Every structure is written in C-alpha cells, then in structure tokens.
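Read the structure below first, then the notes.
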There are 2 protein chains.
Amino acid sequence: MKFIHTADWHLGKLVHGVYMTDDQREVLQQFVKLVEEEKPDAIVIAGDLYDRSVPPTDAVRLLDETLFKLNIDLKTPIVAISGNHDSAERLSFGSSWYQHSQFYLNGNIEASFRPVHINGVNFYLVPYAEPGTVRQLLGDDSIHSHQDAMKSLIGKMEETINPNEPNVLVGHAFVLGGQTSDSERTLSVGGSGCVTADLFAPFSYTALGHLHSPDAIKHDTVRYAGSLLKYSFSEAKQKKSVSIIEMNDNGSFDIREHSLAPKQDMREVEGYLEELLDPSFAEGQNHLDYLKITLLDDGSLIDPMGKLRQLYPNVLHLDRKIEQTDLKRKIAFQAVKEEKKSELDLFEQFYKEMTEAEFTEDKKSAMADIIQSVLKEEGLK
Amino acid sequence: MKFIHTADWHLGKLVHGVYMTDDQREVLQQFVKLVEEEKPDAIVIAGDLYDRSVPPTDAVRLLDETLFKLNIDLKTPIVAISGNHDSAERLSFGSSWYQHSQFYLNGNIEASFRPVHINGVNFYLVPYAEPGTVRQLLGDDSIHSHQDAMKSLIGKMEETINPNEPNVLVGHAFVLGGQTSDSERTLSVGGSGCVTADLFAPFSYTALGHLHSPDAIKHDTVRYAGSLLKYSFSEAKQKKSVSIIEMNDNGSFDIREHSLAPKQDMREVEGYLEELLDPSFAEGQNHLDYLKITLLDDGSLIDPMGKLRQLYPNVLHLDRKIEQTDLKRKIAFQAVKEEKKSELDLFEQFYKEMTEAEFTEDKKSAMADIIQSVLKEEGLK
C-alpha cells in the first residue's frame, strides 16, 4: 500500500506582505504531477491546508481545484485533517458529500475514533484540538495539556485498534524536541503545547503536520512531512518535500522523499552593495527569488533597497551588518547614562565604540587638555 | 414535476443584536418535514443562504446539516445559487463533489448557460453578480446596469434554450416595482439595481430571491419565495412561506404556498406601560415573541425596558409616541433661540409644549409678576 504524506500547505499565506498563492499553485501542480506518476493508494494531508480560518477567496479556489484534480480526476483517495491554522467547521463544510469519492476530510475530534480503511491500512484522523475540547468530549477533567489530550485520545483508540493490521495516525501536533521555524504558530500560550513521541507507539506510522521542516524530529515511525513551501527566512536552508511511504501488511514500510521546489526560491544573501549590484554577480542566480539581503557596508548608503530591487525585484527584507554594531552602541550608551563617569572616561568609551581603534595614552592626554579648557571656558571648573 | 421554491435563508443573521440561528434551525426542521411529506423532485434555493460572506460557524454547521438531510437522507435533488449576501467562492467550495448526488450549487455566472436537467425541467442557475462581472465575462462594454447584465445573460441563454420544454430561471435580483423591507441590502449604490420582469419572458417560471416578502411582486410567472423568517420589524405583518410548484410538460403550473412559522414570532405592539404589564394582557400572547413595543404614555417612566423585559424577555426595540412630541419640542426650541422673544413669550411657548394645556390669561398674569420680580432682584430691570 502506497501513500503520500504531505502537510502544512498554508494556502493564502502572506510572507513579508507578499501572497504566496501563485507559488503555491505552481508547487501544487508539481504535486498533482507526482500523484499522476506515482499513482498512490492514498494522499495524507496532516493539517493546515489554509493559513487562516478565513482564507482569501483565491486560496479557497486553489484548494478546491487541487483537491478535485487529485480526488476526482485522478481518482485518488484523500485523508485530511484540519490543523491549528484552519477553522475545523469552515474547512469541513460539505465533507459528508466528499466521502462518496473517498475524500475523508475530518475536522471533528469525535470522528477520530472511527478509522478510515483504505487498501488494508487503517487511518486514524485526529484534527488539531485544544485540550479543553478533548476534556469536554471525553468528560475527563484531568485533561489540561496537549500531552494529556493526545494520550487520552490514543487510549480510546487502543480500545478498538487491531494491532495485527497496519495503523496510521494522522495528526497535527508539536512533538517534544522538534525543531521549530518562524512560520509556525505556537500551540499553547504559557504551556509547552508539546506531546511526546512515545504516545504514538501503537501506530505503524504517524503522519504529522505542524512543524515546517521534514527533518523536524528524528524518529523511525513518527514524522513530519514539512510545509509545501518555505514560509520564513528561518527555513531558507531547508529542502521542502513530500514523503512517499510504501507500507507492508505487517506495518513495516519504506520511505522516499520527493522534493518540491517553486520557480522562486527563498534565500538569504550577504554582501557589499556594490558587489550585489554587479551584473555578473546577479547573472549567476535567479534574480526573482525571494531574498533577505544583509549588507556588509559601513557608513551611509543612498536608497539601497531601491537599487537592489531594480536587479532583484523580490527583496523582502533588507538588513545591515552595521546596524548590529549600532545596536551595540545603543546598549553601551544606555549603560553609560546609568553610571556616573568623568568626561574623559565617557569620551574614551565613545571613541572605542565609534572607531574600534585603541585610545592610546597620547590621545588620552590630548583629549584631557581639550576637555579641561572647554570646562574652564564654560565656567564649569 | 414538483419542486419547492425557497430563498433568503440568511443563516447567521443578527436582528437587533440577537442571533436568529435557533429560530432558523427550527424553521428548517419544519422545512425538512415538509420535504419528507411532499417528496418533491427538486428543491430550489434562490440565493442568500448565508447572511454574510463569512458567516458564524454555527450557521455553517446548520447549513451543512440541513442540506445533507435534504439531499442525502431524503435523496432530494437541490438547485441553489449564491445571492448578494453570500460569497460565491466560499459558498461553492466543494460544489463539484455535490453534483454526484444531484446537489447543484452555482456561484459561477459562466455556468448559468448550462442548465441543470431534473425530471424534464431545465433549471438555469444565475447567481447574483455585479454588472461589471457580467461585462467582463461577456466582453460587452455596453453592460452597465443590472438590467443590461440580466438582459445579456438571458440573451445568451436564448441561443440554446429549447422553448418546447419547461424552463425555469433561478435568480437573485430586484425586480422593478417590487416591495422592499428593511432587511434587504441595496444592490446598487447610485443606480436602481432593478431589472424588469419582462426579461424573464422566455421562462415558464422564474424562481427569485432577494426581496423578503412572498408577495413582493404581482406576476404570473416571476415570483419571490420570500425569506425564511421575518428579519426586520418592517416584515412583522408578512406571512413567510415556501412555494410548492407542480409543473406540467408544457410549462404551465399550479402553485401552493406552505407557511413556515418559528415558535417565536416577530411583532409590533403598541399600548400604555401599565396595560402591557397587566398579567391578563400578557397571558393572551406568546410572551417570548420578538417585540417592538411603542409606549403611548406621556411623561417620564422609570426603567420601562427593564419592567417590560420581566414579562416579555425578547423586547428588541422600545419606542415612545411621546418621543415624537419631544422631537417637535426640540425643533421649536431651536426656532425660539433664533428669534428674540420676551421672557414671558418664551415661557408661554415652553408651557404649551411641556403640558399641551392652554396658557390662560390668569396664568399669564401670574407668570408676568414672577418674571418681573426676579428680573428686579437680579438688577436686570
């Protein structure tokens, strides 16, 4: 039995004010092509299909079209859950109709106890839910954390699970120790929001969504698919992919990763302005990529963003190394204000920070004379 | 061929700050029961299923459940369009899947040229669209009004229509001369937004939505179903219903109206506070109805809303006849300020407005004395 595990499409996502919908459309076309070639028995989408509970209508249309191609045109069964970015109710409107063509979209935690059977594999679909929702559903007042909630849900599944068949849990959760990025929304304010990987022991494979790197955790049977695209510069070095799982009747499986890459990559670039504006430098790379540029130049620059965007229209963020030095200066200045220092001490500190050169005894003596005469003139000494 | 024509459910509607969802659920249960009994060949819903493009999740769930009962449990074909309150894109997500069970939900104006055939009748589903959308779709720059748009759309339908079969247009529009109420949103700012009934001549029956009264227009073949519930006090005297149409092969039809009534009616009540608070008066009516109460009392009343709500918890609006007199007073006072009048004249005017009694010569003379002595004391005369 072969299925493809994907998650965190985040359709309708804005990155630094730019809608990713065109890039998402392109990568989803690659995904549809992959499904055409691989002919899997099922597609698993582990939550966060949309980036927000009320996504832009473009994103609504894109999801509709993509799922229709996969499920109806390519006749591929789909199992999917709502994630913490989706509105479970809005996303699952109409889901009762979809089941006719083996498209199982679950936003209802109660339905997670009734697995979906596809080609010998039982899929337990656990949508993202707040601990309070699970507490109420199970009538168990001891449930306070995501860990408690997942433990209780899986405990209830174990009452009816058949351990001799391959069982797959599809969930949207933050597994303890998982590597985060800047584009995930924290699951719990105050608490950790984490669950431990050992909870998923009853399952042959756990297909997770939430963390955006496919390598977010190292585990044999509990895995993140990673997001469809890079959604923050903290993910610039990640390679995005979907996982193709071929599962045997005993639940053992082989896994392959298939890369997805949009025309426009998201990259971080560091260099001097002049160097970056050199056409020979620009030629060596896709100038349409989404860039975060860090300039190494000292001193003031005239409209660097304007100049850079002429060559690289999709610069989303511009940083300057010098600004970090500026920050240090600011902090030092603050510290100075809080102490009571002599004029000479203050100047020494200022000189060191501005020039990063040594404040020699000669310089010190010369400066002391100047300060002395100024204070005298001003009648302060 | 029998179909039921309904429209303007406006699920998620707020009336004077109160969600109508429970009332809507109850009336929809009556509707489901009617469908069970009548066993129509189709249900026609002529737009505004929701009250807004992003309805509350309760309303989303209610629509999902209701349509599922009608279409899947009762196996009744449904044709429906989006209205001006719906978001066509959001509402029609997943509609491709619904067609399998003969649920045709159209938010796409382009699809209106391809009729849906059910039991010998051709349904042309015309979702609400701005004239600009139709102009762009048909590439016809002469389209500026709703009238132009509807004329062009129907013109295009006529190219392929079979006049020997019964044809039904399902639309969401404001027909010229139609009687409006306070709960419809104007279709056009500046323009009239109207279409003329003669446009629909090619159709055996035109099932409309938008105006909330079933009697909004008098026409043999062009009809409004009216809204599911009373959604404003301007509809208090309307009787809400759905229409049951039995159509012959030649397009002629018989029509029956079936009333829908929630447990809580929406009514206007006028009377004196004491009278309304009399238990014997209250007993004669459903004290849970949504009420607009107009009090006839003169003079000040202490917390009339608080007192009334003890007996009638769902008073949504309280008016006082006296307030209209207040308004007159205010206008008169303004006029006084603008003239230069003697103190006695001013008092006379004030007395008349406050008491609505005559300012006799005796009173005048007594008041003149008082004014005289006050002015003297103050050294003003």
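The values are calculated or read from the model by the stated rules, or taken from the named source; none is laboratory data. The structure displayed is predicted, hence computed values, not measured ones. Reconstructed Cβ throughout: ideal geometry from the backbone, glycine too, with neighbour counts over all protein chains shown. To get the accessible areas, we keep the full protein, side chains included, count just its heavy atoms, and leave off ligands, DNA and RNA. Shrake-Rupley method; radii C 1.70, N 1.55, O 1.52, S 1.80 Å.
The figures follow:
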| item | result |
| --- | --- |
| Of all residues in region A:96-116 being among the hydroxyl-bearing types (Ser, Thr, Tyr) and open to solvent by 20 Å² or more (accessible area, probe 1.4 Å), the one that is modelled with the lowest pLDDT | A:SER96 |
| Meets criteria (within 14 Å of chain A (Cβ to nearest Cβ) and closer than 24 Å to B:ASP289 by Cα) for B:LEU62 | yes |
| Odd one out for B:THR294 among (1) polar (S, T, N, Q); (2) within 30 Å of B:LEU34 (Cβ to Cβ); (3) open to solvent by less than 70 Å² (accessible area, probe 1.4 Å) | (2) |
| Yes/no for B:VAL15 being within 14 Å of chain A (Cβ to nearest Cβ), at pLDDT below 95 and more than 30 Å from B:GLU165 (Cα to Cα) | no |
| Answer from B:LEU125, B:LEU49 - the residue that is assigned by the TED database to the domain that holds B:ASN162, surrounded by 18 or more Cβ atoms within 10 Å (Cβ to Cβ) and within 16 Å of B:TRP9 (Cβ to Cβ) | B:LEU49 |
| Yes/no for B:THR206 being open to solvent by less than 70 Å² (accessible area, probe 1.4 Å), free of Cβ contacts under 8 Å to residues at least 24 places away in the same chain and not assigned by the TED database to the domain that holds B:LEU308 | no |
| Tally, over region A:39-67, of residues that are among the acidic types (Asp, Glu) and under 18 Å from the mean Cα position of the chain (by Cα) | 2 |
| Test: residue in region A:18-40 that is touching a Phe, Trp or Tyr at 6+ places or on another chain (Cβ under 6 Å), crowded, with 18+ Cβ neighbours inside 10 Å and away from every other protein chain (no Cβ under 11 Å) | yes |
| Top-ranked residue of region A:74-89 - restricted to ones that are modelled with pLDDT under 95 and surrounded by fewer than 19 Cβ atoms within 10 Å (Cβ to Cβ), ranked as nearest to A:LEU208 (Cα to Cα) | A:SER87 |
| Residues of region A:342-368 satisfying the condition of being outside any helix (DSSP H, G or I) and surrounded by 14 or more Cβ atoms within 10 Å (Cβ to Cβ) | A:PHE359 |
| Single residue of A:ASP303, A:ASP326 found to be modelled with pLDDT of 90 or more and among the acidic types (Asp, Glu) | A:ASP303 |
